[in-house]
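To start, the structure itself, in structure tokens.
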Amino acid sequence: MNETGERKRRLFFALWPDPEVRRRLAEAARRWTPHPLATPNLHMTLVFLGARGEEELRCIIEAVSGIRAEPFDIELDYLGHWGRAGIQWLGSSRIPPALNALVGQLQQRLQPCGYEPEKRRFVPHVTLARKVRKPRIKAGLEPIRWSVREFVLAESVSVEGGVSYQVLQRWPLGEASL
Ligand code: 2AM
């Protein structure tokens with residue numbers, strides 16, 4: 001809630017794995033990390049929006065509904081780790097240009113809704129686990145092939161013992177997403 005009593009939702013745009021890709025991500029998470037994230041929570045964040053009210057949510061949905069972006073395939077074949085937060089992640093040694101183009105469009109179109117693009121470069125990744133203190137970095141893993149045909153707006157909801165992510169809306173790639 002904010003000072004006017006409005007409920008704010010913690011929002012982000014993401015790629016949402018289909019069941020087979022999710023199964024393989026969960027397998028990788030179990031293989032490479034001691035305490036993997038819950039399987040239903042595995043995803044790739046495109047843009048993190050943070051806490052937003054209903055008015056902003058309307059703006060966000062309208063802003064991205066005009067996006068025209070190409071479908072693409074991505075191969076996840078790289079295990080990375082980021083320091084302080086101990087994030088163990090899965091990424092790709094070859095980032096599809098269409099993925100960068102999608103993120104660029106999102107960042108641009110969301111600015112009138114109060115979104116400020118992050119200064120740091122976008123590194124596409126699926127977080128497998130957090131607070132991992134023994135980093136593992138490996139290139140050339142057997143790739144997990146992911147055919148990306150849509151992007152989603154998701155909400156992070158606090159639940160007992162952690163968070164749960166709920167998909168609010170989906171937009172197809174490669175056709176008019178109105
Ligand atoms: P992650 O993909 O690196 O784990 C929902 O919380 C999603 O938004 C998570 O996937 C998380 O990143 C991302 N996220 C959470 N807080 C963030 C922040 N302050 N900046 C950027 N991304 C964030």
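The values are calculated or read from the model by the stated rules, or taken from the named source; none is laboratory data. Computed from a prediction, not measured in an experiment: that's the story for all the values here. Here Cβ is always computed from backbone atoms with ideal geometry, including for glycine, and neighbour counts include all displayed protein chains.
Couple of notes before you dig in:
- Any chance Glu55 is acidic (Asp, Glu), in contact (Cβ under 8 Å) with a residue 40 or more places away in the chain and surrounded by fewer than 17 Cβ atoms within 10 Å (Cβ to Cβ): no
- Of all residues assigned to the range 48-62, at least one qualifies as being in a strand (DSSP E or B), small (Gly, Ala, Ser) and either away from the ligand (no atom under 13 Å from the Cβ) or over 21 Å from Trp146 (Cβ atoms) (or both).
- Scope the range 54-109; condition at pLDDT below 95 and among the polar types (S, T, N, Q); matching residues: Ser65
A quick yes/no check of all residues on (1) more than 23 Å from Trp16 (Cβ to Cβ); (2) within 10 Å of the ligand (Cβ to nearest atom); (3) β-branched (Val, Ile, Thr):
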| position | (1), (2), (3) |
| --- | --- |
| Glu116 | yes, no, no |
| His125 | no, yes, no |
| Pro135 | yes, no, no |
| Gly140 | yes, no, no |
| Trp146 | no, no, no |
| Arg149 | no, no, no |
| Leu153 | no, no, no |
| Ser158 | no, no, no |
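- One residue stands out among those in the range 84-113 that are surrounded by fewer than 14 Cβ atoms within 10 Å (Cβ to Cβ) and part of a loop (DSSP other than H, G, I, E, B): the one that is nearest to the ligand (Cβ to nearest atom), which is Ala85.
- From His81, His43, residue being surrounded by 15 or more Cβ atoms within 10 Å (Cβ to Cβ), farther than 26 Å from Arg149 by Cβ and within 15 Å of the ligand (Cβ to nearest atom): His81
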